[in-house]
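Below you'll find the structure, written out as structure tokens, and then a few comments.
The values are calculated or read from the model by the stated rules, or taken from the named source; none is laboratory data. For clarity, every value in this text was computed on a predicted model and none was experimentally measured. Here the Cβ is made from the backbone with ideal geometry for all residues, glycine too, and neighbour counts use every protein chain on show.
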């Protein structure tokens, strides 16, 4: 019965850390990039060890996905808390903190775009999409990714002269 060897285990450990690219992991372990991709996908050419590797890799990706969603939610909650405390303490003469407000709004907007409301894998498993729907969903996500760093939608505060 095939088992994972030390190189496989080392690859899985590095994948779990989520700090290295597939190419870097393959180079450090002594595999080709293509072979590591085959292992990750459970390609039949990798045999039973590839299937075992893929099963472990699938577990790792679900852990990483959950960890990322939790971190994103925590960061979003902290930013919203700071925004709420700022809103409670702001006065009309507090012009200098308007830039701080814009930064917090930018952070919330970026987090909203970066953190999915449901995990992508769960979304795809629970909702069968037609090829047209997949195409338009891809275009929508591509557009979100393209504009996620553009904060121009948040308008600058302009002091109201009549409030002074």
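Okay, residues lined up against (1) at pLDDT 80 or above; (2) under 29 Å from residue 19 (Cβ atoms); (3) in a helix (DSSP H, G or I); (4) out of contact with any helix residue (DSSP H, G or I) (no Cβ under 7 Å at 6 or more places or on another chain):
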residue: 45; (1), (2), (3), (4): yes, yes, yes, no
residue: 53; (1), (2), (3), (4): yes, yes, yes, no
residue: 61; (1), (2), (3), (4): yes, yes, yes, yes
residue: 70; (1), (2), (3), (4): yes, yes, yes, yes
residue: 75; (1), (2), (3), (4): yes, yes, yes, no
residue: 86; (1), (2), (3), (4): no, no, yes, no
residue: 104; (1), (2), (3), (4): no, yes, yes, no
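Cβ-Cβ contacts under 6 Å between residues 6 or more apart (or on different chains), taken from a first residue in segment 64-87 that is at negative phi and in contact (Cβ under 8 Å) with a residue 24 or more places away in the chain to a second residue that is surrounded by 15 or more Cβ atoms within 10 Å (Cβ to Cβ) and not in a helix (DSSP H, G or I), are listed as 72/115. In segment 124-148, the residues that are surrounded by 10 or more Cβ atoms within 10 Å (Cβ to Cβ) reach residues that are at pLDDT below 75 and not in a helix (DSSP H, G or I) with C-beta atoms within less than 9 angstrom, at least six apart or across chains, in these pairs: 133/127; 137/129; 147/153. Of the helices (runs of 4 or more DSSP H) lying entirely inside segment 1-42, those containing at least 3 residues that are surrounded by 14 or more Cβ atoms within 10 Å (Cβ to Cβ) and touching a residue at least 40 places away in the same chain (Cβ under 8 Å) span 6-17.
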